[in-house]
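As structure tokens, the structure follows; a few thoughts come after it.
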Amino acid sequence: MDNQDLEVFDDGDFNNEAPRKRPAFITVLAILSWVYVAIGLLSAVFNSLSSEEKQLEQIDQAIAIYDDMDDVPFLQDSIEVLEASKDNLRISNLGNLIFLLIEGIAVFMMFNLKRNGFWLYTLAQVGIVALMIYVMPFPNLISTLTLVVTLFLVLLFEVLYAVNLKHMKA
């Protein structure tokens, strides 16, 4: 018995998966995403707390300011965007709130290294872009530029999260 090796069983021997350590990059992406979601949700909450009439009045005031200006580049495009936001105020506010909540949940899931969070995040991003296309007037330079910037940021974060899918489990 002196030279015999005794087998010692640790819990780690039975567990085929070692505990996953969250990469720092996923943490950074999640924090950036949560900042975006927090700002968007605060805006959505303030819009929900203010009356629809007050919001429409603010948009009308902005349109009136633009109407008083002369020789401002893209003035008509800006007025069209404001009028479209006025016409789609309720849809825009509710859609933004829903898709931001979905995005926040999805980021939390990815922060916890759950792969399904990526697909939920993708769904939220597609929803946000679809909502923009639905409520903004096209063809319009301001709307097009807004959509291009949004698409760039959406694709950038989608790729960055997709690169980290290897760290996530199903």
Condition check for Leu75: surrounded by 13 or more Cβ atoms within 10 Å (Cβ to Cβ), modelled with pLDDT of 80 or more and aliphatic (A, V, I, L, M): no
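A quick yes/no check of all residues on (1) hydrophobic (A, V, I, L, M, F, W, C); (2) without any contact (Cβ under 8 Å) to a residue 60 or more places away in the chain; (3) over 18 Å from Ile39 (Cβ atoms); (4) outside any loop (DSSP other than H, G, I, E, B):
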position: Glu103; (1), (2), (3), (4): no, no, no, yes
position: Met109; (1), (2), (3), (4): yes, yes, yes, yes
position: Leu131; (1), (2), (3), (4): yes, yes, no, yes
position: Phe157; (1), (2), (3), (4): yes, no, no, yes
Residue in segment 143-155 that is over 21 Å from Val35 (Cα atoms), surrounded by 12 or more Cβ atoms within 10 Å (Cβ to Cβ) and touching a residue at least 24 places away in the same chain (Cβ under 8 Å) present: yes
Of all residues in segment 130-140 being surrounded by fewer than 15 Cβ atoms within 10 Å (Cβ to Cβ) and of a type in the set (A, V, I, L, M), the one that is farthest from Asp87 (Cα to Cα): Ala130
Members of segment 6-25 found to be at pLDDT 75 or above and exposed (fewer than 11 other Cβ atoms within 10 Å of the Cβ), listed by number: Lys21, Ala24
Hey, Val28 surrounded by 11 or more Cβ atoms within 10 Å (Cβ to Cβ), at pLDDT 75 or above and over 18 Å from Val129 (Cα atoms) or not: yes
Answer from Leu123, Leu147 - the residue that is of a type outside the set (Asp, Glu), within 25 Å of Lys166 (Cα to Cα), in contact with a Phe, Trp or Tyr (Cβ under 9 Å, 6 or more places away or on another chain) and part of a helix (DSSP H, G or I): Leu123
Residues being of a type outside the set (A, V, I, L, M, F, W, C) and within 18 Å of Glu103 (Cβ to Cβ) - total across segment 147-170: 4
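The values are calculated or read from the model by the stated rules, or taken from the named source; none is laboratory data. From a predicted model like this one, the values you see are computed outputs, not experimental measurements. Because the Cβ atoms are built from the backbone with ideal geometry, glycine has one as well, and the counts that use them run over all protein chains shown.
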